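Worksheet for the structure shown next.
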Amino acid sequence: ANDWKIVTFNNDVYFFQREHKALKSTAGSTTLVEVVDGSHYAPEANEVIGGFAKLWAADVLNNKHTVYWSDTLIGINWHGGTSGSLDLTNVFPSGDDEVVALSVFNNFLVIFCKRSIIVYSGASSPASMVLHDTVEGVGCVARDSIQHTGTDIIFLSEDGLRSFGRTIQEKSMPMRDLSKNVRTDLTSLIGQQTNPIQSVYSADEAFYLLIFPDSNTVYCFDTRSSLPDGSLRVTTWSGMGIRTASILQDKSIYLGNSDGIAEHK
């Protein structure tokens, strides 16, 4: 049980992982308790985010086509009030698909599926939210590859690193291939991973790190500016045993490896 998705919501901390009861740590407490309201538990989902005053969850065992949301400002209530769910079976543009990750961008709910991206407007009132746009043929293959850069979202698709850059009012969603110059090597690593692919973005350092733990390789993308072909400058770090990374509020960057925790300087 080492692949928890952890989010803060309404001053509490929530832990979600597929096939595990969701857990919560109340502000000021070091105790973890199950997320349950009466006899109703939160979904045992692999993905969770906070947005529009609710928790949103998806990717449940044997149900990768439904997005769930909690009651407004009540992260423990998933079966009453304004809580609910959305079945995407008839929405997937490619027919059969599965939800991998969720995000909020420009006041839209963005649902990253394996082979498509689905965008909803009006998610502040999810019972009446409206399908705004879809992208077919481009999806996300790694939940933890998604990073917000402030004006964009970077994510890993099956054919490389992508940017969700576009004007939200446009009908189509053009996406830049940020890893164009290393695409072959990068995509060959995706299928070799048993442990989850990780990432971190630092605005201060102006880089996006994409971590392949099983291959002992980190791709470091320079986000200061694009090359003429739209891709990013990239270097690789190897032999360091990096398995994960995190950035704190003070902008400190910490890297976890088999020996412990290191700080990026």
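The values are calculated or read from the model by the stated rules, or taken from the named source; none is laboratory data. Values in this document were obtained by computation on a predicted structure and should not be read as measured data. Don't worry about glycine lacking a Cβ; one is built from the backbone with ideal geometry, like all the others, and counts go over all protein chains shown. Remember, those area values only see protein heavy atoms, side chains included, never the ligands or the DNA or RNA. Shrake-Rupley method; radii C 1.70, N 1.55, O 1.52, S 1.80 Å.
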- What does the helix-only formula give at 222 nm for the chain: each DSSP H stretch with n ≥ 4 adding -39500 (n - 2.57), the total divided by the residues, and the result rounded to the nearest 500 deg cm²/dmol? -1000 deg cm²/dmol
- Would you please report the Å³ per residue occupied by the convex hull of the alpha carbon atoms in the chain? 139 Å³
- Could you tell me the convex hull volume per residue, in Å³, taken over the Cα atoms of the stretch 1-134? 106 Å³
- Ignoring ligands and nucleic acids, what accessible area does CYS140 show with a 1.4 Å probe (Å², nearest 10)? 0 Å²
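Between ASN63 and THR8, what is 0.36 nm times their sequence separation minus the Cα-Cα distance? Round to one decimal in nm.
Numbers: separation 55, 0.36 × 55 = 19.80 nm, distance 2.46 nm.
Additional length available on full extension: 17.3 nm.
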- Item | Separation in nanometres of the label points that stand 7 Å from Cα toward Cβ, at ASN181 and ASP259 | 3.1 nm
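Using only the Cα atoms of the stretch 216-265, build the gyration tensor, take square roots of its eigenvalues as a ≥ b ≥ c, and label the shape rounded, prolate or oblate: rounded if a/c is under 1.5, else prolate if a/b is larger than b/c, else oblate.
Details: a/c = 3.72, a/b = 1.59, b/c = 2.34.
Oblate is the answer for the stretch 216-265, as a/c is 1.5 or above yet b/c matches or exceeds a/b.
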- Note on the structure: Simple spin-label estimate for THR149/ARG233, 7 Å along Cα→Cβ, in nm, reads 1.4 nm
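At 20 °C and a viscosity of 1.002 mPa s, what translational diffusion coefficient does Stokes-Einstein give for the stretch 144-265, taking Rh as the Kirkwood radius over Cα pairs? Give it in µm²/s as a whole number. Show your work: numbers first, answer last.
Details: Rh = 14.9 Å.
Using the Kirkwood radius from Cα pairs, D works out to 144 µm²/s.
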- Note on the structure: One checks the Cα atoms of the stretch 62-206 and finds Rg and Dmax, in Å, of 15.9, 50
- Count the net charge of all other residues whose Cβ sits under 15 Å from the Cβ of VAL36, scoring Lys and Arg as +1 and Asp and Glu as -1. -3
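Of all accessible surface on the stretch 56-164 at a 1.4 Å probe, what whole percent is carbon and sulfur?
Working: 1960 of 4150 Å².
The C+S portion of the solvent-accessible surface of the stretch 56-164 is 47 percent.
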- Message: If the reach is capped at under 15 angstrom between alpha carbons, list the aspartates and glutamates near LYS251, excluding any in the same chain fewer than eight residues apart.
- Response: ASP204, GLU205, GLU263
- Check the straight Cα-Cα distances from LYS114 and name the lysines below 29 Å, setting aside those fewer than 8 residues away within the same chain. LYS5, LYS21, LYS24, LYS54, LYS64, LYS171, LYS180
- How large, in Å, is the stretch 1-74 by the Kirkwood hydrodynamic radius built from its alpha-carbon pairs? 12.4 Å
- Which whole-angstrom value gives the distance between the alpha carbon centres of the stretch 82-138 and the stretch 213-264? 29 Å
